[in-house]
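Q: Here it is: the structure, laid out below.
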Amino acid sequence: MENAAVANVLRGEGYRYCQTNLAEAGIYYKYYQEGFHIVMAVDLSGGNRFSVQQYRSMEEHAMDLFYHPQGRLGDFPDGFPVYHVEMLTLLIGGDSEVERKVCAECRNVWVYQPRSGRLLIYENQPGDFFGLRGALEQGAGTGGAEEMSRQGTGAGGWAETSRQGAGAGGWAEMSWQGTGAAYASAQNTAKNRLGILWKNIRAEYVTIALVVANVITYLVLEWLGDTTNGFFMAEHGAMYPDFIRINHEWWRIITAGFLHFGAVHLVNNMVILYCMGSRLERVTGHLKYFLIYLVSLIGAGLLSYGMMLRTGDYAVSAGASGAIFGVIGGFLWIVILHRGRFEQITTRGIMMMIVLTIYYGFSSAGIDNWGHIGGLLAGFSATVILYHRNRQKY
């Protein structure tokens, strides 16, 4: 069953609707940036009750289907990658005891009360889901109360796909209906592919520009000489303490962040920069992301410079890894602010990555560990200052 107010909001945000064989549950989905955003709407207003175990079984089946949709999800075309599935459950009306129990024990669960048009988000739940909070609060709050319509199968529906569930506690069988061949043909057109590519570029253009700048700088320097030679790199903008201490060439703090010692150094940094940077940019916005990156780059260079002066262990330093650690530090704050989980990344997971990377740096030769730490601290601090999200308690 569909709640009209919720359906209007989600369809307005570009979501499609799939009805399951459970009359009380339906899924809204959107293919976005090589993955799915899905909202499982469960209607409890008719006195329906289900356990946490049943909910988790429903969630597991839905996640599995959207991670592996080819050949199983109607006419979903081959060749489209699915790298992530982000899921939100929306409990509509119903038994407050059931709602509280599910919200207390499960993640990514919101409650919508159709009579009052209120969206309830408990303290342990994420405060937003890709911008849906504002849309639901504004749109669903003004929509009709408890107006329901049943989604029929019809001749124009998707080819029926069934999947065995987990017994009586789960979905014994899941069937999906959609828009049929029109979906496949639209997705397969070159125009649609270019549209997806253009959306990605628009969402991540600062990260893409930074990667391009690093690659072009490397290619130019490699053409001019040997990027693995420390003297050559220092001559062309790498950081060396005496150039700053004696000649006051503070600009090297920034230029060093765009130079790399060889192709392997460049590729390793650019892969991590794109993977983490593009995510942070989508969350914080282009300008704030650029400021976080710049502050991280400067913080990494300054701490590296200061520690070299203190220890007397001088070396030619270059690379974007200090700024990249700042991006990771920024994402750590994002995860913390979203109560320990954001886009399948947890506080524990990102902390383990940071600790292991720093440990590897201190146990290996030729790595500017203080630059990494300086970038991490600067990026985390800059994100704390620049990025905020509204908290709301009920």
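Q: In nm², what is the average projected area of the convex hull enclosing the Cα atoms of the stretch 239-394?
A: So the Cα hull casts an average projection of 9.8 nm².
Q: Moving on to the next point. Place a +1 charge on the Cβ of each Lys and Arg in the stretch 226-306 and a -1 charge on the Cβ of each Asp and Glu, then give the dipole magnitude about the Cα centre in debye, rounded to the nearest 20. Don't jump to the answer; show the numbers that get you there.
A: Working: 5 positive and 5 negative charges, 80 e Å.
It works out to roughly 380 debye.
Q: Multiply the residue separation of Asn21 and Phe80 by 0.36 nm, subtract the distance between their alpha-carbon atoms, and state the gained length in nm to one decimal.
A: Details: separation 59, 0.36 × 59 = 21.24 nm, distance 2.63 nm.
Gain on stretching Asn21 to Phe80: 18.6 nm.
Q: Further question on the same structure: Semi-axes, largest first, in whole Å: what does sqrt of 5 times each Cα gyration tensor eigenvalue give for the stretch 229-305? It would help to have the intermediate numbers written out before the result.
A: Numbers: eigenvalues 130, 56, 12 Å².
Three semi-axes, in Å: 26, 17, 8.
Q: Here's another thing I want to ask about it. Along the Cα-to-C-beta direction of Asn247, a point sits 7 Å from the Cα; which residues of the stretch 308-335 have their amide N less than 16 Å from that point?
A: Flagged as within label range: 315-318.
Q: Can you work out the PRE-style zone for Ile358? Point 7 Å along Cα to Cβ, and I want the residues of the stretch 295-326 with backbone N under 18 Å.
A: Within reach of a label on Ile358, which here means backbone N under 18 Å from a point 7 Å along Cα→Cβ, the stretch 295-326 contributes 296-308, 321-326.
No value in this document is a laboratory result; all are computed from the given coordinates. Predicted, not measured: the structure shown is a model, and the values here were computed from it. All Cβ positions, glycine included, derive from the backbone under ideal geometry; neighbour counts span all protein chains shown.
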